[in-house]
Amino acid sequence: MNESLQNGKTEPSGAQEADFRKNVLVEVKDLKMHFPIQKGFFKRVVGHVRAVDGISFFIREGETLGLVGESGCGKTTAARCIMRAYEPTAGEVWFRQNGEMANILKLSRREMGPVRRQMQIIFQDPYSSLNPRMTIMDIIAEPLTINGMGKGADLKAQVRDLLEAVGLRAQHMNRYPYAFSGGQRQRIGIARALALRPKLVICDEPVSALDVSIQAQTLNLLEDLQKEFGLTYLFVAHDLSVVEHISDRVAVMYLGHLVELAKADELYCNPVHPYTEALLSAVPRTDPDAIKQCIVLQGDVPSPAKPPPGCKFHPRCRYAQEICKQEIPEWRELTADHWVACHRAAELELVGIIYG
């Protein structure tokens, strides 16, 4: 990216943009989010929790990027930094607005207004994310009202169309959230996220709180809506089988770092990072022809307040060598559109999901 900025805006240039970032909607570059650790009466800062510690990736228009990893690895924090719900410690978040890329972390609060309308989120818990004192009509209409995009009969018609788009009936709009099941509440949350016709929708564990049968329905709905509205998804999840179903590409996080990113089929069948290999070995398979090898990682996930030196995964990696303990691996493109941060990625022969 061109570092020169004018009001936070510039257009990437050169051959790199031409062949590597075609149709990119979002690009995250060296994003960091460090939360201070405070102690004592005077709240003295004694350290930092490195929740997100220098991640870089991009999302093309119309695709779904799955972001996976163990609980506490920084997935949700990264997603909220992209939306500027958190103000990142460092890094850049580039978003395509009106045909040009803007580093939204450089924009003022007023300049962020139009950008925020283009970025919406579906929350994990369909129970706590809906105000129990508001009707469904008021919940879905709220973003439209705030942004002056409808009133009266027109507003009601827009809410009706959104409810029908997510598989609910128009007569539901005068009910309160308690009258709906978890799956129906999540559909209401999806309708609210679509109200402003965003380009990017961040799905923060949108099916983890739902029954398995309802999960499949919700995922199918998200795929249908993506085609209908031309949406781009950042799909945050810890369930790799769910991510496999919906994602075009998958990024794997560990302790605030990205360790691997590739097309879904490529990553699931041909992982090149030992952590990805271990995660895939734990995915339950319903295919009787699938050959499975379970890899049990030793030890616990290190504290993000005191991460280990070198590769953050080396204390639990069965392939670790001396260089892994001393040097942080470079985030590099190993093969076309397959990124990894591992010193030994080119020489290891790892096992993905093998079908007989």
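The values are calculated or read from the model by the stated rules, or taken from the named source; none is laboratory data. None of the values given here were measured: they were computed from a predicted structure. Note that each Cβ is placed from the backbone with ideal geometry, even for glycine, and that neighbours are counted across all protein chains shown.
Look at the stretch 28-68 and say how many of its residues are of a type in the set (S, T, N, Q) and modelled with pLDDT of 95 or more. Steps first, answer last, please.
Residues of the stretch 28-68 of a type in the set (S, T, N, Q): 38, 56, 64.
Then drop every residue that is not modelled with pLDDT of 95 or more, which leaves 56, 64.
Qualifying residue count, the stretch 28-68: 2.
Is it the case that some residue within the stretch 279-299 is under 21 Å from A251 (Cα atoms), at pLDDT below 80, among the basic types (K, R) and loosely packed, with under 15 Cβ neighbours inside 10 Å?
There is at least one residue in the stretch 279-299 that is under 21 Å from A251 (Cα atoms), at pLDDT below 80, among the basic types (K, R) and loosely packed, with under 15 Cβ neighbours inside 10 Å.
Looking at I190, I146, can you tell me which residue is modelled with pLDDT of 95 or more and not assigned by TED's automatic domain parsing to the domain that holds G54? Write out each step before concluding.
Values: I146 fails: modelled with pLDDT of 95 or more.
Exactly one of I190, I146 is modelled with pLDDT of 95 or more and not assigned by TED's automatic domain parsing to the domain that holds G54, namely I190.
Suppose we filter the stretch 85-110 for residues that are part of a helix (DSSP H, G or I) and farther than 17 Å from P198 by Cβ; how many remain?
Number satisfying all stated conditions: 4.
Just to be sure before I move on: is V236 touching a residue at least 60 places away in the same chain (Cβ under 8 Å), in contact with a Cys (Cβ under 9 Å, 6 or more places away or on another chain) and either assigned to a strand (DSSP E or B) or closer than 21 Å to C269 by Cβ (or both) in the structure I sent?
Criteria met by V236.
In the stretch 111-127, which residues are in contact with a strand residue (DSSP E or B) (Cβ under 9 Å, 6 or more places away or on another chain) and not in a helix (DSSP H, G or I)?
Q118, M119, Q120, I121, I122, F123, Q124
Is there any pair linking a residue in the stretch 57-68 that is within 10 Å of R249 (Cα to Cα) and hydroxyl-bearing (S, T, Y) to one that is assigned to a strand (DSSP E or B) and at pLDDT 95 or above, with Cβ under 7 Å and at least six apart or on different chains, and which?
Filtered contacts from the stretch 57-68: T64/Y233; T64/F235.
I'd like the residue in the stretch 35-61 that is over 25 Å from the mean Cα position of the chain (by Cα) and part of a strand (DSSP E or B) and, out of all such residues, is nearest to L231 (Cα to Cα). Reasoning before the result, please.
Here is the first cut: in the stretch 35-61, the residues over 25 Å from the mean Cα position of the chain (by Cα) are 37-47.
Restricting the remaining residues to those that are part of a strand (DSSP E or B) gives 37-39, 44-47.
Numbers: I37: 38, Q38: 40, K39: 44, R44: 44, V45: 41, V46: 43, G47: 39 Å.
Only one residue tops the list, namely I37.
How do the strands (runs of 3 or more DSSP E) wholly within the stretch 252-356 filter down when requiring 1 or more residues that are within 21 Å of the chain's Cα centre (by Cα) and in contact (Cβ under 8 Å) with a residue 24 or more places away in the chain: which remain?
In the stretch 252-356, 257-263, 338-340 are the strands (runs of 3 or more DSSP E) which contain 1 or more residues that are within 21 Å of the chain's Cα centre (by Cα) and in contact (Cβ under 8 Å) with a residue 24 or more places away in the chain.
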